[in-house]
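In what follows, a single structure is set out as structure tokens and then discussed.
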Amino acid sequence: MTQKSPHANPSKSRTPRHRAREFALQGLYQWLLNGEDAGAIEAHIREAHGFDKADAAHFDALLYGTIRQAGELRTALSPLIDRPLAQVSPIEHVALLIGAYELKNHLEIPYRVVINEAVELTKSFGGIDGHKYVNGVLDKLAASARSVEVDAARR
């Protein structure tokens, strides 16, 4: 499975919040693969072309919050996946962490938006069918993490 570079320039036609997710994905990719410090990642990402058009506060929440809660997010995701999370492609792994973080901590964002955004990130940066995997896993997580919202939407 071929992956696109997670350091590609973010799309020019995205909302500030989507751009924040794209930059968070890039930063979390660095963190996952290299174990870089969040502060160093943030400083590097903030200098990237187009960051001025991103929602900086949401970027900070995603980067720092996902790293801080990575253990519990992985614990929530693990029973929903078909292999150890360490065997999931890095882009899908990070997209799942971002989606799980938003489902848990950003209740103001509808669960369908959270899932769609994670799917779009995976389509942009990940392998050919990675978005289908991310969609399925986050759909299962939403059913438990936001059961009232999901049940209401399905009625």
- Item | Summed side-chain charge close to His44 - residues other than His44 whose Cβ falls under 11 Å, Lys, Arg +1, Asp, Glu -1 | -3
- Task: Select from Val119, Ala100, Leu80 the residue farthest towards the positive end of the dipole of segment 16-150; place +1 on Cβ of Lys and Arg, -1 on Cβ of Asp and Glu, and compute about the Cα centre.
- Result: Leu80
- Message: In 5 Å bins starting at zero, report the fraction of Cα pairs in the chain per bin as a rounded %.
- Response: 2, 10, 21, 24, 22, 14, 6, 2, 0, 0
- aspartates and glutamates within cross-link reach of Lys123: Cα-Cα under 16 Å, excluding same-chain residues under 8 positions apart? Glu22, Glu92
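What dipole magnitude, in Debye to the nearest 20, does the chain give about its Cα centre under +1 on Lys/Arg Cβ and -1 on Asp/Glu Cβ?
420 debye
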- With springs connecting C-alpha atoms under 10 Å apart, model the chain as a Gaussian network and identify which of Asn34, Asn105, Asn116 has the largest mean-square fluctuation. Asn34
- Angle between the Cα long axis of helix 56-68 and the longest principal axis of the chain, 0 to 90 degrees, nearest 10? 70 degrees
- Item | Added length on full extension, which subtracts the Cα-Cα distance from 0.36 nm per residue, Ser89 to Asp139 | 16.1 nm
- Query: Please state the relative contact order of segment 16-150 as a whole percent: Cα pairs under 8 Å, 6+ residues apart?
  - Reply: 24 percent
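Read-outs: derived from the displayed coordinates by stated rules, not from any lab. Model, not experiment: these values are computed from the prediction. When we count neighbours, we look across all protein chains shown, and the Cβ atoms used for this are built from the backbone with ideal geometry, even at glycine.
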